[in-house]
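**Student:** I have a structure here, written as structure tokens, and I will follow up with some questions on it.
The values are calculated or read from the model by the stated rules, or taken from the named source; none is laboratory data. The structure displayed is predicted, hence computed values, not measured ones. Every residue, glycine among them, receives a Cβ derived from its backbone with ideal geometry; neighbour counts consider all protein chains shown.
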Amino acid sequence: MSAGVRTVAVIGAGKIGELMLSGLLRSGWPVDRLLATARRPARAEELTARYGVRVVDNLAAVEQAEVLAVAVKPQDAAALLDEIGPKVPADKLVISLCAGLPSSFFSRRLPEGTPVVRVMTNTPALVDQAMTAISAGAYATGAHLALAEDMFKPLGATIRVPESQQDAVTALSGSGPAYFYLLVEAMTDAGILLGLPRQVAHDLIVQTAIGAAVMLRESGEHPVKLREAVTSPAGTTISAIRELENHGVRAALLAAVEAARDRAREIAAQAG
Ligand SMILES: NC(=O)c1ccc[n+]([C@@H]2O[C@H](COP(=O)([O-])OP(=O)(O)OC[C@H]3O[C@@H](n4cnc5c(N)ncnc54)[C@H](OP(=O)(O)O)[C@@H]3O)[C@@H](O)[C@H]2O)c1
């Protein structure tokens, strides 16, 4: 899609909505082709001051934009759709960024025939390193998916998945940055335990995390192979790995991601 031909409205421009706005602007999307909506006037002023983006009310956004990107919290989605749903012409594309909510949640509240695309991105969008998974909901065609991809590609990588996999995606890459931050925090503490100054420990771990991530992406090697290359017989790394296995780190990750998936389902059930 050419960036000049459509107006995108970010409905409920909080943290994730702002990531999308700022990413689109960084990618050269014209600011006059962007709209945002917010609940609090102070938030609206902040967005305009920061990005020069026009903040309008929800119904004006529905009227003026061809693409409606809904970025409210899942628990606010029903009230929002009660307000705008009946007013959305069926030729507009609705993109949901809401964790857990199936596209059918939107379709039930939108006129018959409205295309819905469900998207799960993550906060590294702020540095153009997002992982964004895109799924077709009701009435969404290949062209709608391509349009959503065009919008999210400048923010990082994109992947198409069947909607049935989106709760798993939410648990893995949507929440994923938090797991890595926790790991960095814990490893920094480990460095402090061994007598390193906090900043030195932090810098060592952050660069090691970046190096490992780039190796994974660029070598295309299986992580086991990369780990084996660091794990010499009777060496230091295998001693550490034995402790990680003794403490059930692998099992903890499996259980943690499953818990996030279950929570995504619960949130969807509560949203109605
Ligand atoms: N945070 C993440 O890492 C992440 C990752 C992937 C997906 N998500 C999904 O992204 C969505 C947004 O999450 P978030 O962390 O960005 O939440 P957030 O910062 O609270 O943003 C939601 C925004 O929507 C506004 N809002 C609520 N109801 C509205 C309405 N009726 N009209 C206009 N604006 C309205 C809120 O306004 P007020 O500020 O005035 O309340 C707030 O600014 C969620 O559905 C979440 O599941 C989040």
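**Student:** Looking at (1) closer than 30 Å to Ala269 by Cβ; (2) away from the ligand (no atom under 11 Å from the Cβ), which is the one condition that is false for Arg40?
**Tutor:** So Arg40 meets the others, but not (2).
**Student:** Which of the residues that make up the stretch 23-37 are within 16 Å of the ligand (Cβ to nearest atom) and at pLDDT 95 or above?
**Tutor:** Leu34, Leu35, Ala36, Thr37
**Student:** Failed condition for Ile95, given (1) buried (at least 19 other Cβ atoms within 10 Å of the Cβ); (2) near the ligand (Cβ under 9 Å from one of its atoms); (3) closer than 15 Å to Ala13 by Cα; (4) touching a residue at least 40 places away in the same chain (Cβ under 8 Å), with all others met?
**Tutor:** The failed condition is (2).
**Student:** Taking the stretch 146-174 on its own, how many of its residues are out of contact with any Gly (no Cβ under 7 Å at 6 or more places or on another chain), within 23 Å of Arg261 (Cβ to Cβ) and surrounded by 18 or more Cβ atoms within 10 Å (Cβ to Cβ)?
**Tutor:** So the count comes out to 11.
**Student:** Would you be able to tell me the number of residues in the stretch 118-160 that are over 14 Å from the mean Cα position of the chain (by Cα) and in a loop (DSSP other than H, G, I, E, B)?
**Tutor:** Number of matching residues: 5.
**Student:** What is the residue count in the stretch 1-16 for residues that are over 19 Å from Glu63 (Cβ atoms) and either among the aromatic types (Phe, Trp, Tyr) or within 13 Å of the ligand (Cβ to nearest atom) (or both)? Lay out the reasoning, then the answer.
**Tutor:** The initial filter retains those residues of the stretch 1-16 that are over 19 Å from Glu63 (Cβ atoms), namely 1-4, 14-16.
In the following step, the residues that additionally are either among the aromatic types (Phe, Trp, Tyr) or within 13 Å of the ligand (Cβ to nearest atom) (or both) were identified as 14-16.
Total meeting the criteria: 3.
**Student:** So, one more: Which one of Ile159, Ile192 is aliphatic (A, V, I, L, M) and touching a strand residue (DSSP E or B) at 6+ places or on another chain (Cβ under 6 Å)?
**Tutor:** Selected residue: Ile159, the only one of Ile159, Ile192 that is aliphatic (A, V, I, L, M) and touching a strand residue (DSSP E or B) at 6+ places or on another chain (Cβ under 6 Å).
**Student:** Determine whether Ala251 is over 24 Å from the mean Cα position of the chain (by Cα) and of a type in the set (Gly, Ala, Ser).
**Tutor:** Yes; evaluated as a whole, the condition is true for this residue.
**Student:** Take the conditions crowded, with 22+ Cβ neighbours inside 10 Å, touching a residue at least 60 places away in the same chain (Cβ under 8 Å) and under 15 Å from Arg160 (Cβ atoms) and apply them to Thr121. Does it pass?
**Tutor:** yes
**Student:** I'd like the full set of residues that are within 10 Å of the ligand (Cβ to nearest atom) and in a loop (DSSP other than H, G, I, E, B), limited to the stretch 70-92.
**Tutor:** Correct list: Ala71, Val72, Lys73.
**Student:** Return the total of residues in the stretch 132-152 being closer than 18 Å to Val70 by Cα and either within 16 Å of the ligand (Cβ to nearest atom) or not small (Gly, Ala, Ser) (or both).
**Tutor:** Total meeting the criteria: 14.
**Student:** Keeping to the stretch 1-58, report how many residues are within 29 Å of Thr170 (Cβ to Cβ), of a type in the set (A, V, I, L, M, F, W, C) and not in a loop (DSSP other than H, G, I, E, B).
**Tutor:** The number of residues fulfilling the criteria is 16.
**Student:** Would you be able to tell me the number of residues in the stretch 260-271 that are in contact (Cβ under 8 Å) with a residue 40 or more places away in the chain, among the small types (Gly, Ala, Ser) and surrounded by fewer than 17 Cβ atoms within 10 Å (Cβ to Cβ)?
**Tutor:** Final tally of qualifying residues: 0.
**Student:** Another question, then. Take the stretch 46-69 and flag every residue that is within 12 Å of the ligand (Cβ to nearest atom) and either of a type outside the set (Gly, Ala, Ser) or surrounded by fewer than 22 Cβ atoms within 10 Å (Cβ to Cβ) (or both).
**Tutor:** Matches in the stretch 46-69: Glu46, Leu47, Val55, Val56, Asp57, Asn58, Leu59, Ala60, Val62, Leu68.
**Student:** Is at least one residue of the stretch 114-124 over 29 Å from Ala259 (Cβ atoms) and modelled with pLDDT of 95 or more?
**Tutor:** Yes, there is a match, as at least one residue in the stretch 114-124 is over 29 Å from Ala259 (Cβ atoms) and modelled with pLDDT of 95 or more.
**Student:** Count, please, the residues in the stretch 230-239 that happen to be surrounded by fewer than 12 Cβ atoms within 10 Å (Cβ to Cβ) and part of a helix (DSSP H, G or I).
**Tutor:** Quick first cut of the stretch 230-239, residues surrounded by fewer than 12 Cβ atoms within 10 Å (Cβ to Cβ) only: 232-236, 239.
Still in the running and part of a helix (DSSP H, G or I): 236, 239.
Number of matching residues: 2.
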